[in-house]
Structure formats: structure tokens, C-alpha cells
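Visitor: Handing you a structure now.
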Amino acid sequence: MGKVVSNVQVAEQVYLLRVEGNYEGSMGQFYMLRAWGHYPLLSRPISIFNKDDESIEFLYQVVGEGTTLLASLRPEDTIQLDGPYGNGFPIPEGRVALIGGGIGIAPLYYVAQQMTHTDIYLGFSKEAYLQDAFREVTSSLHINVGGYIVDDVDFEQYDTIMACGPHMMMRAVQTKYLQSNRQAKVYISLENRMACGIGACLVCSVSCLDGRKKACTDGPVFEAQEVTFHD
Amino acid sequence: MIDLTCSVAGISFKNPIVMASGTFGFGREYGKIYDISKLGGISGKGLTLHPKAGNEGLRVYETPSGMLNSVGLENPGVPYFLEHECSEWETLDTVRIANLGGNTLDDYVQGAMLIQQDHDRRQTLGRQAVDMIELNISCPNVKEGGIAYGVKTSAAREVVRSVREATKLPLTVKLSPSAEDLVEMAVMCQEEGGDAISLINTISGMKIDVRRRASVFNNMYAGLSGPAIKPIALRMVHQVAKHVDIPIIGMGGITSATDIIEFIMAGASVVQVGTYNFMNLRAGEHLIDGLIQFMQEENINNLDEIRGIL
């Protein structure tokens with residue numbers, strides 16, 4: 001069990017939760033969070049936003065009952081963290097771009113912290129948030145509110161691209177990658193409903209070119225070309 | 001001195017806590033979290049003769065006190081299981097149950113025969129990987145087979161009889177709460193040589209997205225599990241226990257030691273724990289500790305003292 005240090009609202013329905021402790025985890029991995037008893041039944045998979053020797057942070061959006069309960073947490077409250085789970089982002093090579101959409105910016109901040117230089121593209125539907133935090137980790141921050149952030153990125157300028165955002169945005173990243181000269185290695189982080197988070201329940205199935213994969217253990221990070229989008 | 005051991009079909013379980021099919025993989029994943037040899041047993045991911053990709057679209061949806069799943073028996077197939085999972089199963093110090101599903105009668109029979117052949121081969125080497133087969137005639141998430149066999153006793157009889165002929169391994173039949181006559185179905189399983197009855201499987205349910213005006217699931221319906229179904233499962237175990245002489249493996253919404261005690265009092269010999277594995281990744285450890293504590297508090301030395309007392 002971890003102890004909540006802070007739980008701050010950073011935008012409409014978006015919160016940054018900080019939990020005390022020295023937790024493990026690499027870029028793009030997630031924890032299963034739970035701050036309630038039996039209901040709701042399932043824990044919530046939330047990616048690592050940031051961490052250091054003393055605390056770990058999670059950026060999340062309130063979308064349902066579980067995240068509503070997370071938003072009600074106050075300092076000194078306790079929370080259960082299981083993880084880290086998932087494969088995460090690989091160590092990138094060459095010139096790197098990070099593309100985040102909405103709450104999908106969450107895992108990219110920790111990536112940016114690990115890199116000496118990345119170009120960061122963040123897209124938001126209504127309002128931008130945490131720009132100042134991202135400005136501290138890059139000199140190249142591009143923000144788009146209300147448009148299509150993927151359109152702003154020249155894929156042929158990069159060796160590695162890492163993206164996280166809504167399903168349709170990840171599909172757009174894949175499409176743009178396939179239409180590019182495919183010089184860049186492009187990685188997309190997918191979100192999905194999960195029950196166990198450890199690969200046992202098979203509810204977070206992702207269709208890939210070589211069959212079904214699990215978002216929790218085979219992902220959440222996939223190479224852009226391997227995922228088969230159905231809708 | 002508290003004795004947690006239980007017996008089903010001549011197999012000794014070190015405690016009554018068995019992990020339910022579909023919630024525990026083949027044990028490998030949870031084995032990284034705690035020592036699964038502490039468990040009474042595990043029922044592996046539901047197997048079909050041929051690999052199955054499972055259902056498209058959304059596969060899980062939470063409901064009040066329950067969980068709808070539409071995984072659709074995604075699995076690697078019996079031959080893959082025997083080749084790639086059983087070497088690890090051989091090393092597990094717990095009862096290992098292979099859960100067998102199917103689309104056709106022949107699928108069930110072929111699957112059972114392959115498991116039996118593998119069992120025979122390992123036995124000649126002094127080894128064993130599968131202790132029991134759990135025949136699943138009740139999965140609500142596959143269009144063919146599955147629940148179609150689980151509703152009508154006459155259709156189920158043919159499957160149970162054929163699989164019984166195909167394997168000498170202890171056989172438990174997992175029944176559907178949707179059976180037209182559950183007691184009749186259970187009696188049939190006993191008549192056809194089933195060694196035990198597992199009940200209940202998930203209950204067919206539904207969730208509608210009112211804005212899309214459609215079911216959230218591609219298959220329209222999905223299987224409801226979790227605490228929401230416990231009262232129904234408990235009643236069914238109690239009803240069936242009054243009419244059969246073979247043991248019952250009870251399951252449905254167990255999340256505590258007292259839930260286990262209820263199932264034992266209703267007549268179950270051992271229980272299976274499913275959805276609770278998702279709520280608490282260390283569910284097995286938690287329940288074993290809780291069971292010991294409860295039995296100490298209530299001066300129960302052995303579960304035989306309370307089994308079927310209602």
C-alpha cells in the first residue's frame with residue numbers, strides 16, 4: 001500500500017496523483033491502481049507519468065467510477081499499486097519525436113525525462129495542460145488544441161517516434177507511418193480495458209498482424225505496423 | 001489442529017481453494033506474484049481442440065458487483081497446451097485441472113483423447129501434469145457448442161457419455177445456470193460416469209450503450225460473474241447437492257473466507273475462485289489465511305464438520 005502525497009487537478013477532469021515511495025518502472029509501463037474495497041471490482045491500469053527515488057506520479061482522466069474514486073483521494077490516504085506491468089517503450093535511437101493526445105500525454109513525460117532531447121507534440125481537444133512541465137524537459141514543444149496533432153509531425157524527420165493517445169489518433173499515426181518512407185521506428189501505446197493486468201484474463205486483446213496479443217503484457221507499446229485496427 | 005484438506009474423485013486437495021478457469025491463465029502469470037503451490041488447485045484456461053482467437057470487440061464491462069466478459073474461449077488449443085504448458089504443470093504441487101470446451105461433439109472427444117494420451121505417455125515416465133478434466137458444456141460466449149450443449153440434458157448426455165469413454169481421468173462437468181433443469185442435468189452427469197460437478201458457469205447477461213443504441217458486445221450477450229451472482233450460485237449448489245452423490249465444485253462470486261464457508265455448508269466439496277483473482281492478485285493467499293482464521297474462531301477443525309449441513 002502506498003501513501004498519497006498529493007492529488008492535484010490540472011485540468012477539467014484531469015488529475016495528477018503522487019504516491020510516496022521508491023517504485024520500479026520504466027518508460028511506458030503501468031501500474032494497476034486501486035483505492036477502494038470490492039467495488040468497483042477491477043483495478044485501473046494507469047501509466048507512469050513520472051517517478052524518482054521518493055515518489056511516483058500518475059496522470060489520469062476521470063471517466064468512470066474508478067477514476068472518480070481516485071480523484072477523491074487526499075494526502076495521507078492509502079492506495080494499492082500493483083506493478084510495474086507492460087513492456088513499455090524501448091530505448092530510442094537518433095532523432096526522437098513524442099506525440100501525445102489528451103490523457104495520452106501521460107507516459108510521454110517520463111520518456112522525455114529520460115532523453116536528452118526530444119521534439120514533443122501534444123494535442124488536446126479542448127484545453128492544453130501541463131505545458132510548463134513539458135517545457136522543462138524539452139526545448140521543442142508543439143501544442144495543438146482542437147486540431148489533429150499527427151498532421152503537425154513530419155515522420156520523415158525522425159528516427160524514432162513514440163505516440164500515445166486515443167484509438168483514432170493511434171490509427172492516424174499508423175496510417176501516416178505507412179504513407180511515409182518508413183525510415184522511423186514508430187511505437188504506439190494502446191489503452192484498453194483490463195481485468196488482471198498480468199496476462200491471465202485475455203480481456204485486453206489487441207488484434208495484430210500475427211494474431212492476438214495482450215495489451216497488458218505484449219503491450220501496451222506496439223510497433224505501429226503490427227496492430228490491426230478494425231474500426 | 002485445523003485440517004484444510006478435501007477430496008474430490010479420489011484426488012486430495014491440500015485446501016478447498018481452486019482457481020477458476022479463465023481467470024488464472026495456466027498459472028504462470030500468478031506464479032510470479034505468489035507461490036501458487038499453496039492453492040488447493042487450478043483449473044486452466046478453457047481449451048478447445050483447435051486454437052481459438054476469441055471474440056472481437058469489447059471483452060469486459062463492469063456492472064454493479066459483477067463483471068461481464070466476452071472473451072470467447074480464446075486459447076492456444078489442446079495440442080499446444082500439452083506441448084508447451086504441461087512441462088510446467090508437471091512441477092506444480094497443486095491439483096491441476098484441464099478445462100475442456102468444444103464446438104462439436106467430435107472436438108470434445110478428440111480433445112479428451114489427446115489429454116488422456118499425453119497423460120498415459122507421462123505416466124510411463126513416472127510423471128503427471130493433468131489430474132482432472134473439467135468438461136465445459138456451458139460457456140455462454142461461443143456461438144456453437146458451449147452453452148448449446150449445456151441447456152438440454154439430452155444434448156449434454158451425449159457429450160458427457162462420449163468424453164467419459166474417451167478418458168479415464170477424473171471428470172468434472174461444469175454446468176450452466178441456464179440449464180433447463182439443473183438437477184436433471186446433474187443427475188445425468190452422475191449417471192454417465194461424471195466424478196464431480198462444477199457449478200456454476202457465468203450467467204448470460206447484457207449491457208446496452210444507449211447512445212450508440214447497441215450492445216457494448218459484438219456478440220450481444222456476455223457472461224456475468226463476480227459477487228452479483230453468488231446468491232444464485234449458492235442456491236444452485238444447494239439444490240443440486242440434495243440430488244447427487246458425487247462431489248460438487250462450487251463457484252460464483254467468492255471473495256472471502258465466509259463465502260467459501262457458505263458454499264461448503266451448501267454442499268460443495270471444494271470451491272473455485274474466479275473474478276476475485278482480478279480484484280486481488282493475491283486472492284489465493286488471502287483466502288487461505290482467512291479460512292484458517294475463520295475456522296479457528298469457529299472451532300471448526302475440518303470442513304467435513306460443516307459440509308452440506310443445510
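The values are calculated or read from the model by the stated rules, or taken from the named source; none is laboratory data. Being a predicted model, the structure only gives us computed values, none of them experimental. Reconstructed Cβ throughout: ideal geometry from the backbone, glycine too, with neighbour counts over all protein chains shown. Ligands, DNA and RNA are stripped out before the accessible areas are found, and what is left, the full protein with its side chains, is counted by its heavy atoms. Shrake-Rupley method; radii C 1.70, N 1.55, O 1.52, S 1.80 Å.
Visitor: For segment A:157-174, enumerate the residues that are polar (S, T, N, Q) and open to solvent by 10 Å² or more (accessible area, probe 1.4 Å). Explain how you work it out, then say what you get.
Guide: Quick first cut of segment A:157-174, residues polar (S, T, N, Q) only: A:157, A:160, A:174.
Hits for segment A:157-174 are A:Gln157, A:Gln174.
Visitor: Another one. I'm trying to understand the selection: among the residues of segment B:207-235, which are of a type outside the set (Gly, Ala, Ser) and touching a residue at least 60 places away in the same chain (Cβ under 8 Å)?
Guide: Going through segment B:207-235, the residues of a type outside the set (Gly, Ala, Ser) turn out to be B:207-213, B:216-221, B:224, B:227, B:229-232, B:234-235.
B:Lys207, B:Val216, B:Phe217, B:Asn218, B:Asn219, B:Tyr221, B:Leu224, B:Pro227, B:Ile229, listed by residue number.
Visitor: With (1) facing chain A (nearest Cβ under 8 Å); (2) surrounded by fewer than 24 Cβ atoms within 10 Å (Cβ to Cβ); (3) within 18 Å of B:Val130 (Cβ to Cβ); (4) not small (Gly, Ala, Ser) as the list, and B:Val95 as the residue in question, which single condition is left unmet?
Guide: (1)
Visitor: Sticking with this one: For B:Leu73, work out the one condition from (1) within 14 Å of chain A (Cβ to nearest Cβ); (2) open to solvent by 10 Å² or more (accessible area, probe 1.4 Å); (3) more than 16 Å from the chain's Cα centre (by Cα) it doesn't fulfil.
Guide: (3)
Visitor: What's the number of the condition B:Ile33 fails, among (1) closer than 19 Å to B:Leu287 by Cα; (2) among the aliphatic types (A, V, I, L, M); (3) away from chain A (no Cβ under 12 Å)?
Guide: (3)
Visitor: Only one of these is within 11 Å of chain A (Cβ to nearest Cβ) and farther than 30 Å from B:Asp209 by Cα: B:Met67, B:Met19. Name it.
Guide: Values: B:Met67 fails: farther than 30 Å from B:Asp209 by Cα.
So the residue among B:Met67, B:Met19 that is within 11 Å of chain A (Cβ to nearest Cβ) and farther than 30 Å from B:Asp209 by Cα is B:Met19.
Visitor: Let me ask something else about it. Can you name every residue in segment B:267-284 that is away from chain A (no Cβ under 14 Å) and open to solvent by 10 Å² or more (accessible area, probe 1.4 Å)? Even if it seems obvious, please write down each step before you answer.
Guide: Keep residues of segment B:267-284 that are away from chain A (no Cβ under 14 Å), which gives B:267-272.
Answer for segment B:267-284, where residues must be away from chain A (no Cβ under 14 Å) and open to solvent by 10 Å² or more (accessible area, probe 1.4 Å): B:Gly267, B:Ser269.
Visitor: Answer yes if at least one residue in segment A:24-33 is at pLDDT 95 or above, touching a helix residue (DSSP H, G or I) at 6+ places or on another chain (Cβ under 6 Å), under 22 Å from A:Met1 (Cβ atoms) and among the charged types (D, E, K, R), and no otherwise.
Guide: Looking through segment A:24-33, none of the residues is at pLDDT 95 or above, touching a helix residue (DSSP H, G or I) at 6+ places or on another chain (Cβ under 6 Å), under 22 Å from A:Met1 (Cβ atoms) and among the charged types (D, E, K, R).
Visitor: Same structure again: For segment B:174-203, how many residues are closer than 16 Å to B:Val163 by Cα and open to solvent by 10 Å² or more (accessible area, probe 1.4 Å)?
Guide: Number satisfying all stated conditions: 6.
Visitor: Then there is this: So, in segment A:77-95, how many residues would count as being open to solvent by less than 10 Å² (accessible area, probe 1.4 Å) and at pLDDT 95 or above?
Guide: First, the residues of segment A:77-95 that are open to solvent by less than 10 Å² (accessible area, probe 1.4 Å): A:79, A:88.
Applying the additional criterion that residues be at pLDDT 95 or above yields A:79.
Counting residues in segment A:77-95 that are open to solvent by less than 10 Å² (accessible area, probe 1.4 Å) and at pLDDT 95 or above gives 1.
Visitor: Across segment A:132-156, what is the number of residues that are within 21 Å of A:Gln113 (Cα to Cα), out of contact with any Gly (no Cβ under 8 Å at 6 or more places or on another chain) and either surrounded by 14 or more Cβ atoms within 10 Å (Cβ to Cβ) or hydrophobic (A, V, I, L, M, F, W, C) (or both)?
Guide: Qualifying residue count for the region: 7.
Visitor: Separate question: What pairs can you find where one residue is in segment B:62-84 and of a type in the set (Phe, Trp, Tyr), the other is open to solvent by 20 Å² or more (accessible area, probe 1.4 Å), and their Cβ atoms are less than 9 Å apart, with a gap of 6+ or different chains?
Guide: Final answer for the pair search is B:Tyr80/B:Pro51; B:Phe81/B:Phe26.
Visitor: Right, something else. Any residue in segment B:271-300 that is part of a helix (DSSP H, G or I) sitting within a Cβ distance under 6 Å of a residue that is open to solvent by 10 Å² or more (accessible area, probe 1.4 Å) and at pLDDT below 95? List the pairs, counting only those 6 or more apart or interchain.
Guide: B:Ile292/B:Ile2; B:Met295/B:Ile2
Visitor: To continue, here is another question. Filter segment A:31-78 down to residues that are under 22 Å from A:Val203 (Cα atoms) and hydroxyl-bearing (Ser, Thr, Tyr) and give me whichever is farthest from the other protein chains (Cβ to nearest Cβ).
Guide: A:Ser47
Visitor: Now, a different point. Collect the residues in segment A:175-212 that are in a strand (DSSP E or B), open to solvent by 50 Å² or more (accessible area, probe 1.4 Å) and more than 8 Å from every other protein chain (Cβ to nearest Cβ), keeping them in residue-number order. Talk me through it step by step, then tell me what you get.
Guide: Here is the first cut: in segment A:175-212, the residues in a strand (DSSP E or B) are A:185-189, A:205-208, A:211-212.
Restricting the remaining residues to those that are open to solvent by 50 Å² or more (accessible area, probe 1.4 Å) gives A:185, A:212.
The answer is A:Lys185, and nothing else.
Visitor: A follow-up question, please. Give me the residue from segment A:213-226 that is of a type in the set (A, V, I, L, M, F, W, C) and more than 14 Å from every other protein chain (Cβ to nearest Cβ) and, out of that set, nearest to A:Ile103 (Cα to Cα). Break it down stepwise before answering.
Guide: We begin by selecting, within segment A:213-226, every residue of a type in the set (A, V, I, L, M, F, W, C); these are A:215-216, A:221-222, A:224.
Filter once more, so that each one left must be more than 14 Å from every other protein chain (Cβ to nearest Cβ): A:221-222, A:224.
Working: A:Val221: 16, A:Phe222: 18, A:Ala224: 19 Å.
The selected residue is A:Val221.
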